[in-house]
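Q: Here it is, the structure in full.
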Amino acid sequence: MKVAGFSFVRNAIKFDYPIIEAITSILPVCDEFVVAVGKSDDDTLNLIKSINSPKIRIIETVWDDNLREGGRVLAVETDKALKAISTDCDWAFYIQGDEVVHEKYHDEIRAAMLKWKDNKKVDGLLFNYLHFYGSFDYVADAPNWYRKEIRIVRPDADIFSYKDAQGFRKLDNKVLKVKPINAFVYHYGWVKKPEIMQQKQENFNKLWHDDDWVEKNVPKRNEFDYSAINSLSLFKETHPNVMKSRIEQSNWKFDFDLSYKNYRIKDKFKMFVEKLTGYRIGEYKNYRII
């Protein structure tokens with residue numbers, strides 16, 4: 001079985017993306033790793049080169065900043081990396097620049113890839129998600145945060161990155177048929193120094209919207225307001241080993257009153273049903289579990 005990892009990145013240093021941790025967290029289960037490195041305003045290219053692994057292959061790209069509708073440029077960059085992996089690979093393992101996989105899941109991931117390798121009805125593997133928010137101590141637990149997404153796919157010419165690169169589809173626009181896997185992706189996109197998080201929000205929204213929308217809808221301030229969240233829970237487990245240094249160096253303070261729950265009535269009903277049945281009403285699913 002041959003596995004390729006793939007990712008894309010731009011301005012990782014400027015916006016403090018844990019891209020090194022993201023890549024190295026899945027590198028042990030990959031035979032090769034393609035990184036599409038966009039032309040940046042910082043030294044992102046050399047940052048990726050510093051991983052210094054024979055598995056890493058870098059392709060240098062230029063982002064089309066005119067693709068500002070729905071984050072389309074992110075999918076375009078994802079596809080550049082996906083299409084550059086070796087044709088003899090059985091699986092392609094996708095990781096974004098703010099996602100990390102705990103090493104405790106490596107064996108489970110290998111086993112699942114091997115189990116479904118020869119079953120061509122399976123287009124991909126579906127991961128669970130934890131969304132950290134504000135600091136490394138808190139996890140978002142409201143129903144508006146997505147619970148699952150595809151992160152391993154067939155390196156098939158028919159499969160492409162969908163919309164803003166959150167998931168994948170086939171050329172006939174059909175959703176992928178997937179098998180769920182008992183592993184989590186740790187999403188750290190909402191854990192940054194408040195001033196860097198604010199800069200990221202102002203810049204990142206430009207990938208979805210025009211300048212007028214950003215001007216009207218993204219408040220101008222020196223620091224991001226982390227308090228505008230409806231509910232969090234305390235994270236009591238361990239973070240991936242690759243995150244240890246980053247967590248130790250975090251130097252901002254974020255505290256949250258865990259008793260605070262600002263839910264709308266319909267959200268309370270959704271959560272009641274989910275707790276009772278495991279089913280989340282109205283959940284977006286860009287996949288079909290088989």
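Values in this text are rule-based calculations from the coordinates and carry no lab data. What you are looking at is a predicted structure, and each value in this text was computed from that prediction instead of being measured. As a convention, Cβ positions derive from the backbone with ideal geometry for all residues, glycine included, and neighbour counts pool all protein chains shown.
Q: Sorted from largest to smallest, which semi-axis lengths in Å does the alpha carbon gyration tensor of the stretch 70-116 give for its equivalent ellipsoid, taking the root of 5 times each eigenvalue?
A: 24, 16, 8
Q: At most 16 other C-beta atoms within 10 Å and a DSSP loop state: those are the exposed GluC sites (Glu not before Pro) I care about. Give me the longest piece of the chain that has none. Spell out each step's value before the answer.
A: On the way: sites that count: GLU69, GLU223, GLU237, GLU283.
Longest site-free region, per DSSP loop and neighbour criteria: 70-222.
Q: How big is the stretch 81-200 in terms of Cα radius of gyration and Dmax, in angstroms?
A: Radius of gyration, then largest Cα-Cα span, for the stretch 81-200: 15.5, 48 Å.
Q: Using Cβ counts within 10 Å as a stand-in for footprinting exposure, how do VAL273, VAL35 rank, fewest first?
A: VAL273, VAL35
Q: Another question, then. Taking the inverse of the average 1/r across all pairs of different Cα atoms in the stretch 178-249, what Kirkwood radius in Å do you get?
A: Working: mean 1/r = 0.0659 Å⁻¹.
Hydrodynamic radius (Kirkwood, Cα only) of the stretch 178-249 equals 15.2 Å.
Q: For Cα extents along the principal axes in Å, several values are listed as [x] 52, 43, 34; [y] 57, 50, 38; [z] 50, 48, 38; flag the one computed from this structure.
A: [z]
Q: For the chain, what does -39500 (n - 2.57) per DSSP helix run (n ≥ 4), summed and divided by total residues, give at 222 nm, in deg cm²/dmol to the nearest 500?
A: -7500 deg cm²/dmol
Q: While we're looking at this one, here's another question. Average projected area of the Cα convex hull of the stretch 221-282, in nm²? Numbers along the way, then the final one.
A: On the way: hull surface 28.2 nm².
Here the figure is 7.1 nm², rounded to one decimal.
Q: On to the next question. Mind giving me the nanometre distance, one decimal, between the label points for ASP90 and ASN66, set 7 Å out from Cα along Cα→Cβ?
A: Once both label points are built, they end up 4.3 nm from each other.
Q: Based on other C-beta atoms within 10 Å, arrange TRP213, TRP91 from fewest to most.
A: Least crowded to most crowded, the residues run TRP213, TRP91.
Q: Here's something else I'd like to know. Tell me the trypsin sites (Lys or Arg not before Pro) within the stretch 67-129 that lie in a loop according to DSSP and have at most 11 other beta-carbon atoms within 10 Å.
A: Those satisfying the criteria are LYS120, LYS121.
Q: Shifting gears a bit: What's log10 of I(q)/I(0) for the stretch 24-76 at q = 0.14, 0.20, 0.25, 0.27 Å⁻¹, Debye sum over Cα points only, no solvent?
A: -0.46, -0.81, -1.00, -1.06
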